[in-house]
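Undergrad: Sharing a structure below in structure tokens format, with a few things to ask.
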Protein chains: 2
Amino acid sequence: MPEVIPADSVGLVTPQVHHFDQPLTLRSGRVLPEYDLVYETYGQLNANRSNAVLICHALSGDHHAAGYHSMEDRKPGWWDNAIGPGKPIDTNHFFVVALNNLGGCAGSTGPTSINPQTGKQYGPEFPIVAVRDWVNSQARLADALGIEQWAAVVGGSLGGMQVLRWSIQFPERLRHAVVIASAPKLSAQNIAFNEVARQAIAKDPDFHDGYYHDYNTIPKVGLTQARMLGHLTYLSEDAMRQKFGRELREGKLNFSFAPEFQVESYLHYQGEKFSTRFDANTYMLMTKALDYFDPSADYNHDLVECLSHAKCSYLVMSFTTDWRFSPKRSKEIVDALMEANKNVSYACIESDDGHDAFLLPIERYHQVLSAYLKRVAVEVGAKA
Amino acid sequence: MPEVIPADSVGLVTPQVHHFDQPLTLRSGRVLPEYDLVYETYGQLNANRSNAVLICHALSGDHHAAGYHSMEDRKPGWWDNAIGPGKPIDTNHFFVVALNNLGGCAGSTGPTSINPQTGKQYGPEFPIVAVRDWVNSQARLADALGIEQWAAVVGGSLGGMQVLRWSIQFPERLRHAVVIASAPKLSAQNIAFNEVARQAIAKDPDFHDGYYHDYNTIPKVGLTQARMLGHLTYLSEDAMRQKFGRELREGKLNFSFAPEFQVESYLHYQGEKFSTRFDANTYMLMTKALDYFDPSADYNHDLVECLSHAKCSYLVMSFTTDWRFSPKRSKEIVDALMEANKNVSYACIESDDGHDAFLLPIERYHQVLSAYLKRVAVEVGAKA
């Protein structure tokens, strides 16, 4: 817990909930009759409402991107190192909006919410949502907040896919797209990793086909395994070597199947921690949204044609040791944007931290993000 | 099934079993009072017994490396493309020995064998074996076959680790070591993948702490998941892209959690096939042997010092897209061998097939292996 709130923090923040009455037709054809979105805002919206920045979260993120909910909080929001006064996403200039996506488990309508049509938890009956559904729901939140056009939409990983989708779906409604450690679509290998993780959950006897709530249990074992695998792929081989190498927990081999190497204990710890805080049905949904994302599919699989409809400028960033969403995948985006004659800046950041790098305060990364967004702030006339 | 046996096949082969009465003290300190090894041989041992080649198998391999057991066999042995008359491991020149390792599930003593001290299956009570234990047991098999010195010991992946260990443990007993797609020790990332796979098995309710035989069941779900993950890491991202891309089974998204993409179906198929043929306790043991392998640990973690005790020549090979045992890991072996003034050849083979490449008939790979072993054949005076 912070004894005092640091000077460069957005400070204490209170999540807000907006209820949407208008039905939302989803990519799958199913309809959400009504829903809530929980969100937080940091900084001040300026008079001409031109300085709003939307943060899109990744697989396991939520609306609590910066600051503290109380003086008892052990940790600030998940991207606190990048959002705040004087930080790359500078709340002295920008009005920052972060939300929990539909299907999430942090307050927005999702599998753990009550289905108004049945009076029971949605559970596995919550519809599979696609990235475009999130973007549609985010656009309605923008309407509710009186934001006609975002100064920038920013996101990493699955968040970066939402940013790409924004630029195609609502070309008039954003001036800048910041796409970090992302891809224009998942590779077969990415999908395969997601499926192995989903299987771990689906085959946990406590999953009960997603109706675990009715059995008063959670698929803790499956969710732990899914997260262990996920976490492992977010780290680079180099980072794991530096962090753990072949260090043994007790300094010697035990010739048993209990975790012996430090790296095993670490993954168990990460997996178990996650399994008590995250909803399994949400995890299933989020990985499906990742698998499905492929905006070029609507344009005969031509990414250039797909992106030619965009009007914003782009900053694309990747990290050298990220093998889950490698620099090559970011370059596919950059190449297509250039071919479509879009305004695009690209930076590949040296880092040992694999995919996780996009969440870390890496100096060069924050310098590039900061420099880009400073120009955006000037351009949109944000107060300096 | 082969209608006729191909001319370059070793033909119909019959596995043999050797029973060893002398107790074997294992790395763990535990003792196997007696044990069987099942093996096959191809080609003829020459008069001065100088032309014997030992094949060491990887995680899921066994003694059936080449030829057919009957005219009804659908497939030949696992390395049939490399072993036979006129093939790289040429049975016109060499007497080839392939065995199933201790702890295996294909006929050698392992978890599914009867423990003579209890009259019941070993199951999870079978001791965790290390690579050095396998090499010790292989040396006893060599004794039994009257082979004082191998012309070459050959293996890929975990098999390559046995080859390395042979060269250190019995320097006088081999003239050539062929180490393919291997590593001097696993990285933290490798260990992490193994632990996630083991967890899938260990947490399957049908595993019963390894006593599934007593419950008349097998942990099919866990073993399927473990194999799905393993298989996924044996393929390269490029190979998966070429093979599956984002192809859908039914040509469209179903918005359900059943496998939709071809790559998902493929992995399910591979996993399920494996789960009915392989023993789960053996899988657990084999992955532990991988994790534990680190011959330099006995030499103050100095691989050069460790390998300085070797007397054989080496051929080391790796494959460009193998990310489970990358070329970098083979180069660590090569660099240490050079620093230790050993005779070493190294080839990194262009291939899209990831770690699986070591099992495939890649032309350049087989040319290099062939050329090297031809010189070995001449050197040891194998009949030409």
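The values are calculated or read from the model by the stated rules, or taken from the named source; none is laboratory data. Owing to the predicted nature of the structure, the values given are computational and were not obtained by experimental measurement. Neighbour counts run over all protein chains shown; Cβ positions are idealised from the backbone, glycine included. Each accessible area value is taken on the protein alone, full model and side chains, heavy atoms only, with ligands, DNA and RNA left out. Shrake-Rupley method; radii C 1.70, N 1.55, O 1.52, S 1.80 Å.
Undergrad: Report which residues of segment B:171-197 become buried by 40 Å² or more of accessible surface when going from the isolated chain to the complete set of protein chains (1.4 Å probe; DNA, RNA and ligands ignored).
TA: B:A188, B:Q189, B:I191, B:A192, B:F193, B:E195, B:V196
Undergrad: Report the charge-dipole magnitude of the protein assembly as shown in Debye, nearest 20, computed about the Cα centre from +1 at each Lys and Arg Cβ and -1 at each Asp and Glu Cβ.
TA: Dipole of the protein assembly as shown, to the nearest 20 debye: 720 debye.
Undergrad: With a ≥ b ≥ c the root eigenvalues of the C-alpha gyration tensor of chain B, is it rounded (a/c under 1.5), prolate (a/b larger than b/c) or oblate?
TA: rounded
Undergrad: Leaving out ligands, DNA and RNA, calculate the buried accessible area for the pair A and B with a 1.4 Å probe, summed over both sides, in Å² to the nearest 100.
TA: Summed over both sides, the interface buries about 4800 Å².
Undergrad: List, in order, the whole-Hz ³J(HN,Hα) value for each residue of segment B:180-187 obtained from phi through the Karplus relation with A = 6.51, B = -1.76, C = 1.60 and θ = phi - 60°; use x for Gly and Pro.
TA: For segment B:180-187, the Karplus-derived couplings read 10, 6, 10, 7, x, 5, 6, 7 Hz, x marking Gly and Pro.
Undergrad: Which of B:R241, B:R165, B:R227 moves most in a GNM of chain B, Cα contacts under 10 Å?
TA: Residue with maximal mean-square fluctuation among B:R241, B:R165, B:R227: B:R241.
Undergrad: Taking a label point 7 Å out from Cα toward Cβ, give me the nm distances from A:H19 to the same spot in the other copies, shortest first, one decimal.
TA: Here A:H19 shows inter-copy label distances of 8.0 nm.
Undergrad: Over segment A:289-384, with the other protein chains present, what is the accessible area per residue in square angstrom, probe 1.4 angstrom?
TA: On the way: 4270 Å² over 96 residues.
Result: 44 Å² per residue.
Undergrad: Turning to a different aspect of this structure: Could you tell me what percent of the DSSP beta bridges with both partners in the protein assembly as shown are antiparallel, to the nearest 5? If you can, show how the numbers build up before the last one.
TA: Values: 28 of 82 bridges.
So the antiparallel bridges amount to about 35 percent of the total.
Undergrad: For chain A, modelled as a Gaussian network with Cα springs under 10 Å, which listed residue fluctuates most, A:G222, A:G159, A:G245?
TA: Result: A:G245 has the largest fluctuation of those listed.
Undergrad: What figure in square angstrom, to the nearest 10, would you give for the accessible area of A:E125 with a 1.4 Å probe?
TA: A:E125 exposes around 80 Å² with every protein chain in place.
Undergrad: If a/c stays under 1.5 just call it rounded; otherwise compare a/b with b/c (prolate if a/b is bigger, oblate if not). Do that for segment B:217-256, with a ≥ b ≥ c from the square roots of the Cα gyration tensor eigenvalues.
TA: It is oblate, given that a/c is not under 1.5 and a/b is not larger than b/c.
Undergrad: While we're looking at this one, here's another question. Pull out the extension gain between A:T118 and A:E339, defined as 0.36 nm times the separation in residues minus the alpha carbon to alpha carbon distance; nm, one decimal. Each step should come with its number before you reach the end.
TA: Values: separation 221, 0.36 × 221 = 79.56 nm, distance 4.99 nm.
In short, 74.6 nm is gained.
Undergrad: Sequence-distant or interchain residues sharing an amide H contact under 5 Å with A:G110, placed H: which?
TA: Excluding prolines and chain starts, which carry no amide H, the hits are A:G103.
Undergrad: Separate question: How far is B:K243 from itself in the other copies, in nm, if each label sits 7 Å out from Cα along the Cα-Cβ line, shortest first?
TA: The answer, with the shortest distance listed first, is 2.9 nm.
Undergrad: Restricting to Cα pairs below 8 Å that are 6+ residues apart, what does the relative contact order work out to for chain B? Please round to a whole percent.
TA: Worked out over chain B, it gives 18 percent.
Undergrad: ³J(HN,Hα) across segment B:145-150 via Karplus (A = 6.51, B = -1.76, C = 1.60, θ = phi - 60°), whole Hz, x for Gly/Pro?
TA: Karplus-based 3J(HN,Hα) across segment B:145-150 equals 8, x, 9, 7, 9, 6 Hz.
Undergrad: Per-residue HN-Hα couplings for segment A:201-212, Karplus 6.51 cos²θ - 1.76 cosθ + 1.60 at θ = phi - 60°, whole Hz, x for Gly and Pro?
TA: 6, 4, 8, 5, x, 7, 7, 6, 6, x, 8, 4
Undergrad: Let me ask something else. Comparing A:F358, A:F325, A:F20, which has the greatest mean-square fluctuation in the GNM of chain A with Cα pairs linked when under 10 Å apart?
TA: A:F20
Undergrad: Here's another thing I want to ask about it. Please list the non-local residues whose amide H lies under 5 Å from the amide H of B:Y314, H modeled 1.01 Å from N, same-chain partners needing a gap of 5 or more.
TA: The answer is B:A177, B:N343, B:V344, B:S345.
Undergrad: Taking only C-alpha pairs under 8 Å that are 6+ residues apart, what is the relative contact order of segment B:64-218 in percent?
TA: Dividing the mean separation by the residue count of segment B:64-218 yields 12 percent.
Undergrad: Taking amide H positions as placed 1.01 Å from N in the peptide plane, with prolines and chain starts having none, which residues 5 or more places from A:I349, or on another chain, fall under 5 Å of its amide H?
TA: A:S318, A:F319, A:T320
Undergrad: Could you compute how much accessible surface B:K328 exposes when probed at 1.4 Å, giving the result in Å² to the nearest 10?
TA: Result for B:K328: roughly 110 Å² accessible.
Undergrad: Another one. Using every pair of alpha-carbon atoms in segment B:270-362, split the distances into 5 Å bins beginning at 0 and state the percent of pairs per bin, rounded to integers.
TA: 3, 12, 15, 17, 19, 17, 10, 6, 2, 0
Undergrad: Let me ask another. Assume the label is 7 Å from Cα along Cα to beta carbon: what separations in nm does B:K374 have to the matching positions in the other copies?
TA: Copy-to-copy label distances at B:K374, shortest first: 6.5 nm.
Undergrad: Where the accessible area of segment B:1-85 is counted over protein heavy atoms with a 1.4 Å probe, how much of it, in %, is carbon and sulfur?
TA: Working: 1930 of 4000 Å².
About 48 percent, which is the carbon plus sulfur part of the accessible surface.
Undergrad: Follow-up question, since we're still on this one. Taking a 27 Å limit on the Cα-Cα distance, which of the listed pairs A:K273/B:K273; A:K288/B:K331; A:K243/B:K185 fall beyond it?
TA: Working: A:K273/B:K273 33 Å; A:K288/B:K331 39 Å; A:K243/B:K185 17 Å.
Listed pairs above 27 Å: A:K273/B:K273; A:K288/B:K331.
Undergrad: Counting only heavy atoms of protein chains, what accessible area per residue, in Å², does segment B:1-160 have with a probe of 1.4 Å?
TA: On a per-residue basis, 37 Å².
Undergrad: Separate question: Rounded, prolate or oblate: which fits the protein assembly as shown when a ≥ b ≥ c are the square roots of the eigenvalues of the alpha-carbon gyration tensor, with rounded for a/c under 1.5 and prolate only if a/b beats b/c?
TA: Because a/c hits 1.5 or more and a/b exceeds b/c, the protein assembly as shown counts as prolate.
Undergrad: Any chance you could check the Cα centroid distance between segment A:190-252 and segment B:289-325 for me, in angstrom?
TA: So the separation of the two Cα centres works out to 30 Å.
Undergrad: Given only helices, namely DSSP H runs of n ≥ 4 each adding -39500 (n - 2.57), what is the per-residue ellipticity at 222 nm of the protein assembly as shown, to the nearest 500 deg cm²/dmol?
TA: Rounded to the nearest 500, it is -10500 deg cm²/dmol.
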